[in-house]
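Contents: one structure, followed by commentary.
No value in this document is a laboratory result; all are computed from the given coordinates. From a predicted model like this one, the values you see are computed outputs, not experimental measurements. Counting neighbours? That spans all protein chains shown, and the Cβs are built from the backbone with ideal geometry, glycine included.
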Amino acid sequence: MIPIVVDTFAEAFPMTAARAILTADTPAWAETAARTMSGYATSVIACDAEAALERILDPAETPDGRPGCSVLVFAFSRDALEKSLTNRVGQCVMTCPTSACYNGLPVAEKSIVVGGRLRYFGDGWQISKWIGERRYWRIPVMDGEFLCEEAFGTVKGVAGGNLIVMGNDPSRTLAATESAVQAIRARCRDVILPFPGGIARSGSKVGSKYRALRASTNTAFAPMLRGVVTTDLPAEATCAYEIVIDGLTMEAVERATAVGVQTAAGQPGVLGVTAGNYGGNLGPFHIRLLDVLDRYGEPV
Amino acid sequence: MALLLRRTDESDLPIEVIGVRPDRLRGMPPAEIGRFPIRHGNRTVPLAEVFQIKGDPSDERIDFEGNLRNVHRIGAQMSAGRIVVDGCTGWHLAAQMSGGTIEVSGDAGDWVGAEMTNGHVSICGSVGDLVGASYPGSRRGMTNGTILVGGSAGAEIGRSMRRGTIAIGGACGDHAGLGMIAGTILVFGSCGRYPGAEMRRGTIGLFGGGPVPLLPTFRRAGRFRPQFLALIERELRRTGFAGVDWPSGKLDLYHGDLLSLGKGEIWTREGGGLA
């Protein structure tokens with residue numbers, strides 16, 4: 001059976017984004033810092049931000065010439081982003097042995113202060129250094145000093161891009177979704193997939209029968225509810241997995257969507273690929289799957 | 001096309017070219033530039049009496065050529081543009097400069113970049129005393145900007161500097177960073193006596209190797225590999241400061257001057273030891 005790419009759209013919304021460049025003496029510690037910093041940051045439904053490792057950096061790509069990682073962090077406002085990033089860098093990066101933290105986006109008017117807040121941890125022994133046009137804070141810690149850039153640039157990014165892979169065999173559907181995640185991570189810049197391993201198995205819809213909840217399980221894609229609620233699953237489908245994509249630009253999210261859809265659709269056991277939307281009520285950005293395949297998909 | 005000023009006279013009297021800078025002459029007609037008043041000894045003379053003038057400064061660039069050793073205050077109080085000096089200059093080069101770039105292929109006299117507030121100065125040769133320093137009676141020396149010297153420097157470089165970077169490719173004289181408030185001084189040759197005397201904050205890197213004649217009011221903290229130095233190295237290499245031996249291993253750290261605030265730091269090559 002040829003998998004069907006459903007003619008529908010993913011519904012995305014604007015979020016403020018920053019990029020942190022984390023370095024350490026070894027690649028392992030740099031990655032540890034990045035993964036710790038992006039913990040508990042899958043969805044703004046209940047987290048203060050959405051964050052994930054963007055990619056591993058060669059020493060030649062980092063400001064201090066050490067192994068590094070880049071992490072993208074998204075939040076609903078600059079204030080929320082500043083608070084989240086400061087807390088995460090302070091508790092998860094500064095605490096990580098040999099680490100340093102730098103801004104990975106151009107600093108303009110719409111920047112946030114991170115190192116300039118963490119400096120007070122130095123208890124008066126922090127040292128400021130202006131290097132070029134950028135200011136850094138050197139905070140004394142137990143293995144030397146933690147170097148953190150004062151200000152981080154922000155951009156208005158796009159969050160909530162998504163695709164849903166549907167299949168009739170859970171293990172093969174999961175493998176297909178994993179392939180899509182790997183392809184996006186290997187080929188796409190400026191995006192993150194914030195859920196565990198890049199995949200969400202508990203996709204959500206807006207609202208709930210319980211007034212206190214902003215979101216609840218996406219019943220249209222829950223196969224065990226077939227027959228009692230309206231379903232968007234094909235008749236033979238027994239499972240679905242969702243990939244959520246946050247990006248610095250709309251184009252980055254669209255490219256990643258195209259790569260993900262095309263990769264997943266080519267895997268065995270996949271019955272269809274669709275996207276989550278909420279009738280246009282959630283966000284202003286509509287990413288039509290067939291359109292992005294036309295624009296960014298590779299010829300088969 | 002740049003404005004070319006070629007020294008034509010052979011007088012040994014001091015010449016002060018205050019105001020001969022790109023941001024001031026931009027848009028000025030050639031005849032008016034020729035009449036621009038400069039000081040020659042105890043007289044005020046038109047610029048054309050001392051310099052042959054060619055081109056125009058519309059692109060905010062002035063080139064100086066000829067015997068400039070007794071031509072003082074080149075680029076002083078400059079706020080934008082570029083000055084290129086082919087040869088050696090006199091005193092007060094880039095003094096109180098607030099922006100733009102100055103490049104000198106030879107040496108420069110005392111007071112290079114004194115009290116400058118921003119901008120970039122690059123000198124291939126050696127310089128005199130008081131680079132980036134405060135003038136007598138002033139509380140602060142340079143407060144921002146970069147001064148790069150390929151050769152050696154005299155005494156009291158960075159006196160009372162508040163911010164900015166001074167890098168000396170060769171040796172420096174006594175009292176580097178005297179009364180330094182903050183900022184960065186890097187010296188890649190030998191260093192004179194008592195660097196950092198009365199420094200409050202700031203960083204002095206003495207990377208020439210060999211014994212360092214520190215005051216007894218500095219305390220050793222240990223050996224470390226400072227991350228910020230990699231950033232400074234990358235930035236200075238980007239701006240053309242090359243040909244020096246950057247330290248790659250651990251460095252010795254000393255804190256001081258404990259007779260002052262004591263939050264300054266002096267980094268020396270591992271194994272340099274105190275003089």
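Between A:Glu109 and B:Asp86, the modelled label-to-label distance comes to 4.5 nm, taking each label 7 Å out from Cα in the direction of the beta carbon. Its Cα centre serving as origin, the protein assembly as shown has a Cβ charge dipole (Lys and Arg +1, Asp and Glu -1) of approximately 1200 debye.
Sum up the charges of everything whose Cβ sits under 15 Å from the Cβ of B:Ser98, counting Lys and Arg as +1 and Asp and Glu as -1, but leave B:Ser98 out.
+4
For chain B, modelled as a GNM whose springs connect Cα atoms under 10 angstrom apart, the maximal fluctuation among B:Asn42, B:Asn67, B:Asn118 occurs at B:Asn42. Rounded if a/c is under 1.5, else prolate if a/b beats b/c, else oblate: with a ≥ b ≥ c from the C-alpha gyration tensor eigenvalues square-rooted, which is the stretch B:91-269? Here the stretch B:91-269 falls in the oblate category. Remark on the protein assembly as shown: Rg and Dmax equal 30.6, 103 Å (Cα only). Straight-line cross-link reach from B:Lys54 at under 12 Å between alpha-carbon atoms covers these aspartates and glutamates, not counting any fewer than eight positions away in the same chain: B:Asp63, B:Glu65. For the stretch A:99-143, the residues whose backbone nitrogen is under 14 Å from a point 7 Å from the Cα of B:Ala221, taken along Cα to Cβ, are A:122-129, A:137-143.
Could you tell me the calculated FRET efficiency between A:Ala215 and A:Lys83, based on Cβ-Cβ distance and R0 = 30 angstrom, to the nearest 0.05?
My answer for the efficiency is 0.85.
Considering only B:Gly128, B:Ser260, B:Gly222, and ranking their Cα positions along the charge dipole of the stretch B:91-269 that arises from unit charges at the beta-carbon of Lys, Arg, Asp and Glu, the one farthest toward the positive end is B:Gly222.
The charge dipole of the stretch A:16-155, taken about the Cα centre with unit charges on the Cβ atoms of Lys, Arg (+1) and Asp, Glu (-1), comes to about 220 debye, rounded to the nearest 20.
Counting lysine pairs in chain A whose alpha carbons fall under 22 angstrom apart, excluding pairs fewer than 8 residues apart on the same chain, gives 4. Backbone phi angles across the stretch B:18-26, fed through the Karplus curve with coefficients 6.51, -1.76 and 1.60 (θ = phi - 60°), yield HN-Hα couplings of 4, x, 7, 8, x, 5, 8, 8, 4 Hz in residue order; Gly and Pro are listed as x. Taking the stretch A:120-134 and a reference point 7 angstrom along Cα→Cβ of A:Thr36, the backbone N atoms nearer than 20 Å belong to A:120-123. Rounded to the nearest 20, the Cβ-based charge dipole of the stretch B:90-188 about its Cα centre (Lys and Arg +1, Asp and Glu -1) stands at 400 debye. Taking a label point 7 Å from the Cα of A:Phe121 along the Cα→Cβ vector, which residues of the stretch A:45-86 have an amide N closer than 12 Å to it? Counting only backbone N, you get A:86.
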